[in-house]
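Only one structure is covered here, and it is reproduced in the block below.
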There are 2 protein chains.
Amino acid sequence: MSQHRHPGAPDRPGAVPALPDLPEATVARLPEYLRALHNLAETGHETVSSEGLASAAGVNSAKLRKDLSHLGSYGTRGVGYDVALLIDQIEYVLGLTHRRSVALVGVGNLGHALAGYDGFATRGFRIAALFDADPSRVGEEINGLVVRHVDELPGVAAEESIAIGVIATPAAAAQRVADQLVAAGVTSILNFAPCVLSVPDGVDVRKVDLAIELQILSFHEHRKASLTALPATGGSTLTALPGGLAVTDPQEAIGT
Amino acid sequence: MSQHRHPGAPDRPGAVPALPDLPEATVARLPEYLRALHNLAETGHETVSSEGLASAAGVNSAKLRKDLSHLGSYGTRGVGYDVALLIDQIEYVLGLTHRRSVALVGVGNLGHALAGYDGFATRGFRIAALFDADPSRVGEEINGLVVRHVDELPGVAAEESIAIGVIATPAAAAQRVADQLVAAGVTSILNFAPCVLSVPDGVDVRKVDLAIELQILSFHEHRKASLTALPATGGSTLTALPGGLAVTDPQEAIGT
DNA sequence: AGGCGCTTGTGAAGACACGCACAAATCGCG
DNA sequence: CGCGATTTGTGCGTGTCTTCACAAGCGCCT
């Protein structure tokens, strides 16, 4: 991904890079900055101010500057940040200087889509293998990859040096798959199954639950509905929503 | 999905239940508790302790108690929480007492999978309409729903009283679709496109970016690799982490 | 009835994150 | 060369989230 070799790019030659330990909140935003930076690079920008990058990434500029300051000082006062240099920096910190191989387990409805999602490839990842426990699915070819039986995981994981696994199985199978991934040497898991995984220390798990996202939105819908019902209460615990859940006219919110 | 009032539900008869304003972090965890509670209910548990529910939901028990305390006091000291009662409470707060209709825009690779994802239906949502801008896709039937052209959005949204929209289009089309959704009266958007959306006040947007999740994991892989490489360097401030933990904390400052 | 063990609910403290506001640094221009 | 315009990097106050630790409440057993 960092095809830019910027003059002055800070790759330490031989030395082992000092990886600063970043606040988790910062880490979660870096990919967002990176995407914005790639857009800027494509549209010909050489430098960008914190204000500009912040708005492109949808955050506050002070927050952005503080985030970037954790990586070191790679901006120039009075000018801004060098786009290509910053891309290299962030990609280095995120460990994207080499393409990482990912194993995807579960090629059902969702897994099938993930296998074909090109957003992974374009942002530094390679889906190196597909697995499923269902024998009737084994052998199927998706996007140029053949689905293998999940029992082959250990061998393939070693061969392809896979360190990241994606679980897209039903919830009931997820823990078992997680165990298999861990046993195969995988140390990071992205879990799409709606369940809690328990893994040993040293293994990172991130979870994406599509229904939960909707439920959070549902809460806000509920709240908005109850607020529009009573206009002006300054009271902290304003509350009581009068007269049931009557949905207010949706047209209301389209002000701006 | 307990549709309505539990026998012992604490809704004051005539009065309308107070909707407390909850910390955002709490809101994000409630769906997790809800899922765990449904599992417990199915396995015959009538009550559950904070410790039990917390471990089922993958959180700390003190945090869980504080979260639930924001909803009011629905536990019994010395006993625990009534599972069915708590389910009703959380579903009420999340606005899940009636099934919400969702519009899905973009039935490409990912959208197709989302349209067929049964996790939405089983957790309180109904995909009420599918849209796409590509005429060659319009008319296609997915899971019993016919794909319509995105221009039909306003009419259909009103008809089906849709308040939540899901965007599964390419990034380039996402902002335009968001505008159309807002114009059609949608006030909550779940965005799968890798880009920042700007929407008027009063409209909530949540974003799910699959590649970002992988990039965050990549960072942790990178960090783990650099740590094992140099066991005990006096690397400045490295560390602060007790032991070599790698606990997963799904919660990370996801604001609106 | 009374005591005992268990579990909730919460005050207080600590950790973390955010955003303001400003000093320090850099560039361009006269 | 110096000055003003611009933008970064950061110290600090503020607010939010997390965690601990314990008093208050409840049920059960004797």
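The values are calculated or read from the model by the stated rules, or taken from the named source; none is laboratory data. Bear in mind that the values here come from a model prediction, so they are computed numbers and not experimental data. Here the Cβ positions follow ideal geometry from the backbone for every residue, glycine too, while neighbour counts run over all protein chains shown. Surface accessibility is based on the protein's heavy atoms, side chains included, excluding ligands, DNA and RNA. Shrake-Rupley method; radii C 1.70, N 1.55, O 1.52, S 1.80 Å.
How big is D, in µm² s⁻¹, for the range A:114-163 by Stokes-Einstein at 4 °C and 1.567 mPa s if Rh is the Kirkwood radius over C-alpha pairs? Working shown, then result.
Details: Rh = 11.5 Å.
Using the Kirkwood radius from Cα pairs, D works out to 112 µm²/s.
Which order do the peptides A:172-183, A:143-154 come out in when sorted by mean C-beta neighbours inside 10 angstrom, highest first? It would help to have the intermediate numbers written out before the result.
Numbers: A:172-183: 18.2, A:143-154: 15.2.
Descending mean neighbour count gives A:172-183, A:143-154.
What does the charge count near A:V59 come to, summing +1 for each Lys or Arg and -1 for each Asp or Glu among other residues with Cβ under 13 Å from its Cβ?
Numbers: positive: A:R29, A:R35, A:K63, A:R65, A:K66, B:K207; negative: A:E32, A:E51, A:D67.
My count for the surroundings of A:V59 gives +3.
Show me you know the interface measure: the accessible area buried between B and A, both chains summed, probe 1.4 Å, in Å² to the nearest 100. Each step should come with its number before you reach the end.
Numbers: alone 15180 and 15180 Å², together 22940 Å².
So the total buried area for this chain pair works out to about 7400 Å².
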Label-point separation in nm, A:R176 to A:K66, each point 7 Å along Cα→Cβ: 4.7 nm
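Is the range A:24-93 best put as rounded, prolate or oblate by its Cα gyration tensor, with a ≥ b ≥ c the root eigenvalues, rounded for a/c under 1.5, and otherwise prolate when a/b is larger than b/c, oblate when not? The partial results should precede the final answer.
Working: a/c = 1.27, a/b = 1.20, b/c = 1.06.
Note, shape of the range A:24-93 comes out rounded.
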Carbon and sulfur: what percent of the range A:104-193's accessible surface (1.4 Å probe)? 52 percent
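Note down the magnitude of the dipole of the range B:24-93 about its Cα centre, charges +1 on Lys and Arg C-beta and -1 on Asp and Glu C-beta and zero elsewhere, to the nearest 20 debye. Could the numbers behind the result be given before it?
Numbers: 6 positive and 9 negative charges, 59 e Å.
Magnitude of the dipole: close to 280 debye.
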Calculate the mean, over all residues of peptide B:99-105, of how many other protein chain Cβ atoms lie within 10 angstrom of the residue's Cβ. 1
For the range A:5-159, give me the percentage of DSSP beta bridges that are antiparallel, rounded to the nearest 5 percent. 40 percent
Extreme residue, positive dipole direction of the range B:100-210, given options B:V177, B:G124, B:I142 (C-beta unit charges): B:G124
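Using unit Cβ charges (K, R positive; D, E negative) and no other charged atoms, how large, in debye to the nearest 20, is the dipole of the range B:100-210 about its Cα centre? Intermediate values should be presented prior to the final figure.
On the way: 8 positive and 13 negative charges, 60 e Å.
I would put it at about 280 debye.
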What does the C-alpha gyration tensor say about the overall shape of the range A:100-210? Classify as rounded when a/c is under 1.5, otherwise prolate if a/b is larger than b/c, or oblate. rounded
Sort the range A:11-144 into rounded, prolate or oblate with this rule: let a ≥ b ≥ c be the square roots of the eigenvalues of the Cα gyration tensor; rounded if a/c is under 1.5, and if a/c is not under 1.5, prolate when a/b is larger than b/c, oblate otherwise. prolate
Label point 7 Å beyond Cα along the C-beta direction, distances from A:V79 to other copies (nm, shortest first): 7.0
In order over the range A:166-182: 3J(HN,Hα) from phi, Karplus 6.51/-1.76/1.60, θ = phi - 60°, whole Hz, x for each Gly or Pro, gives 10, 9, 10, 9, x, 4, 4, 9, 5, 5, 4, 5, 4, 4, 5, 4, 4
Straight-line reach check, A:K207, cutoff 19 Å on alpha carbons, 8 or more apart in-chain or any other chain, hits among aspartates and glutamates -> A:E24, A:E32, A:D179, B:E24, B:E32, B:D118, B:D209, B:E213, B:E221, B:D249, B:E252
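Tally Lys/Arg at +1 and Asp/Glu at -1 over every other residue whose Cβ is under 13 Å from the Cβ of A:S218; what's the total? Mind dumping the intermediate values first?
On the way: positive: A:R223, A:K224, B:R99, B:R100, B:R123, B:R126, B:R206; negative: A:E213, A:E221, B:E91, B:D204.
In short, +3.
Enter the accessible area per residue of the range B:24-93 (Å², integer; probe 1.4 Å; all protein chains in place).
Details: 3110 Å² over 70 residues.
In whole numbers, the range B:24-93 has 44 Å² accessible per residue.
Which net charge results for the neighbourhood of A:R35, defined as the other residues with beta-carbon distances under 10 angstrom from its beta-carbon, given Lys and Arg at +1 and Asp and Glu at -1?
Working: positive: A:R123; negative: A:E32, B:D209.
Once all neighbours under 10 Å are counted, the net charge is -1.
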Between A:A158 and A:A41, what FRET efficiency comes out of the Förster formula 1/(1 + (r/R0)^6) with R0 = 45 Å and r the beta carbon distance, rounded to 0.05? 0.80
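In peptide A:31-37, how many Cβ atoms from other protein chains are near each Cβ within 10 Å, on average? Spell out each step's value before the answer.
Details: counts 10, 7, 0, 3, 8, 2, 0.
Taking the mean over all residues of the peptide, I get 4.
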